[in-house]
Structure formats: C-alpha cells, structure tokens
Amino acid sequence: MAFTGLLITEIFYSLQGETSLIGVPFVFIRLTGCNLRCTYCDSVYSFKGGKKMSFEEVMAEVKKYKVKHVLMTGGEPLLQRNTLEFIDLLKTEGYQVSVETHGEVSVEEASKKARIIMDIKTPGSGMSRGGYIKNFPFLKPTDEVKFVITSKDDYSWARDLVKSGTIPTEEILFSPAMLALNSPGKYEGMEPRTLADLIVGDQLPVRFQWQLHKLLWGADTKGV
Ligand code: SF4
C-alpha cells in the first residue's frame, strides 16, 4: 500500500523571516530532498535522511502550536508526491498555507491550493535553469517571487527581468546572499547596503528583504 505521509527533516515554530508576511508566526514544515545544489544553500541538511511521518503525525505536530500560517519548505516540497494532499488537509483544518519552491518544478496544482513563494534562481546560484518561465502562467497576483542576489551581475540580471514586465505578480522580493549569513559557497556575496542602494538608485519596484531570523538569532538559525 502506498505511504500516505511525508519525509520530514524538521517541523518547528518561529517567525517568518522573509516574504510579505515577515515577522508573522508560522509553523515550518521542512520536507526532505532537493534536486538542486545552489551555491548559497543554507539547508543542505535537508538533502538526505529525514523521518517518514504519517499525515496524522505531521498534523499532530502542527497542532501543538497556536498558529494560523503553515509554510511547506525544504529542500523542495513539491518533489514529494503527497505534498498536495497534505496541503488540502491543512486547509480543511483552517490553516493558511504557503509553499516555498525553487521554481524548477511545476506549481500548477500547488498554486490552486496555497500561496506560492517561488525562487527565481539567478546565475550566481549555479542552478539557473529557466524553469520559472513555465510557471509564470500559474502564479496568482497574491503569490510572490524571490531573487537571492549573490553579486552585482545577479542584480543586473534580476533587474532586467523585473523591468521586462513579464513577472505576473507585484510582490517581488530581492534578498542579499551575504557571505557572513549564508553557507560559504562559490558565490561572490552581496552586502545588504549595496543591494539596497542599487534598488533605490534604479527605483526598482521590488521589496528588499533581509533574513529576519538570522539577524535576530544568528547565522545558523533555521527558517525561511
Ligand atoms: S533549491 Fe533551496 S534547498 Fe535546494 S539547493 Fe537551492 S537553496 Fe538549497
């Protein structure tokens, strides 16, 4: 019989560190497994291992907390075939569900059920494959896209995409990949002040964000 559960790296309660809901309490469900290997990845511990948990076990963990919002993250949450069914269960229980995805798998079904936060992988990630273009038709105006900016070249690339007017949501997030706060990797690193100055200088209609959880509690703090 097929397993009706999820492979879980961790479930925890914290403040949302990014997106338009920054600072809002969330339960984070981090699913195991990712098919990408971004240069700045700060959740490499989610690539392997994990614990098989039934839907009932995951739900019981979520219900330990008084919270309205649940984020499915990873790894890449949309790689697990039971993720969509579990989102339905969460919604039945009255939760508002967000999905953080790397944008290289289809969000067609997930976007009908949840608020999508879709990474658009910049060249500096080392994983810029262009899959996001196929997902644009499925994004709702209330979904969000996020660029992790690792260098000035990344900024120019992302800025040109924003200016092209093809991104189907106005909630566009620019986040600096700081060498001090992200995993050491093969990327140049972007100072927050530099990124902010570039955005202001170009009058770019995007939201600057800085991983709140790491500023509050340190570089090794888990969150999204
Ligand atoms: S998509 Fe996310 S989890 Fe996967 S390697 Fe990139 S940053 Fe890490």
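The values are calculated or read from the model by the stated rules, or taken from the named source; none is laboratory data. Computed from a predicted structure; not experimentally measured. When we count neighbours, we look across all protein chains shown, and the Cβ atoms used for this are built from the backbone with ideal geometry, even at glycine.
Take segment 197-224 and flag every residue that is in a helix (DSSP H, G or I) and modelled with pLDDT of 95 or more.
Residues satisfying the conditions are Asp197, Leu198, Ile199, Val200, Gly201, Asp202.
Of the residues making up segment 56-68, not a single one is in contact (Cβ under 8 Å) with a residue 12 or more places away in the chain, more than 10 Å from the ligand (Cβ to nearest atom) and under 15 Å from the mean Cα position of the chain (by Cα). Only residues that are surrounded by 24 or more Cβ atoms within 10 Å (Cβ to Cβ) and not in a helix (DSSP H, G or I) were counted across segment 123-143, and they come to 0.
What do you reckon, is Lys146 of a type in the set (Lys, Arg) and within 17 Å of Asp119 (Cβ to Cβ)? Considered against the rule, which asks whether it is of a type in the set (Lys, Arg) and within 17 Å of Asp119 (Cβ to Cβ), Lys146 comes out as yes. For segment 69-88, the condition of being within 15 Å of the ligand (Cβ to nearest atom) and either under 30 Å from Gly201 (Cα atoms) or without any contact (Cβ under 8 Å) to a residue 24 or more places away in the chain (or both) holds for none of the residues. Only one of the numbered conditions (1) closer than 21 Å to Met127 by Cβ; (2) surrounded by 15 or more Cβ atoms within 10 Å (Cβ to Cβ) is violated by Ser106, and that is (2).
For Lys112, the criteria (1) touching a strand residue (DSSP E or B) at 6+ places or on another chain (Cβ under 9 Å); (2) in a helix (DSSP H, G or I) hold in every case but one, which is (1).
Of the residues Glu191, Glu170, only one is farther than 19 Å from Thr19 by Cβ and either without any contact (Cβ under 8 Å) to a residue 40 or more places away in the chain or exposed (fewer than 15 other Cβ atoms within 10 Å of the Cβ) (or both); which?
One residue alone meets the criteria, Glu191.
Sort through Phe55, Phe26 and tell me the only one that's modelled with pLDDT of 95 or more, under 19 Å from Leu89 (Cβ atoms) and buried (at least 18 other Cβ atoms within 10 Å of the Cβ). Steps first, please.
Numbers: Phe55 fails: buried (at least 18 other Cβ atoms within 10 Å of the Cβ).
So the residue among Phe55, Phe26 that is modelled with pLDDT of 95 or more, under 19 Å from Leu89 (Cβ atoms) and buried (at least 18 other Cβ atoms within 10 Å of the Cβ) is Phe26.
Taking Thr194, is it out of contact with any Leu (no Cβ under 7 Å at 6 or more places or on another chain), in a loop (DSSP other than H, G, I, E, B) and farther than 22 Å from Glu76 by Cβ? No.
The numbered conditions (1) more than 14 Å from the ligand (Cβ to nearest atom); (2) buried (at least 20 other Cβ atoms within 10 Å of the Cβ) are all true for Thr32 except (1).
In this structure, does Lys48 turn out to be at negative phi, more than 13 Å from the ligand (Cβ to nearest atom) and of a type in the set (Lys, Arg)? So Lys48 does not fit the description; no.
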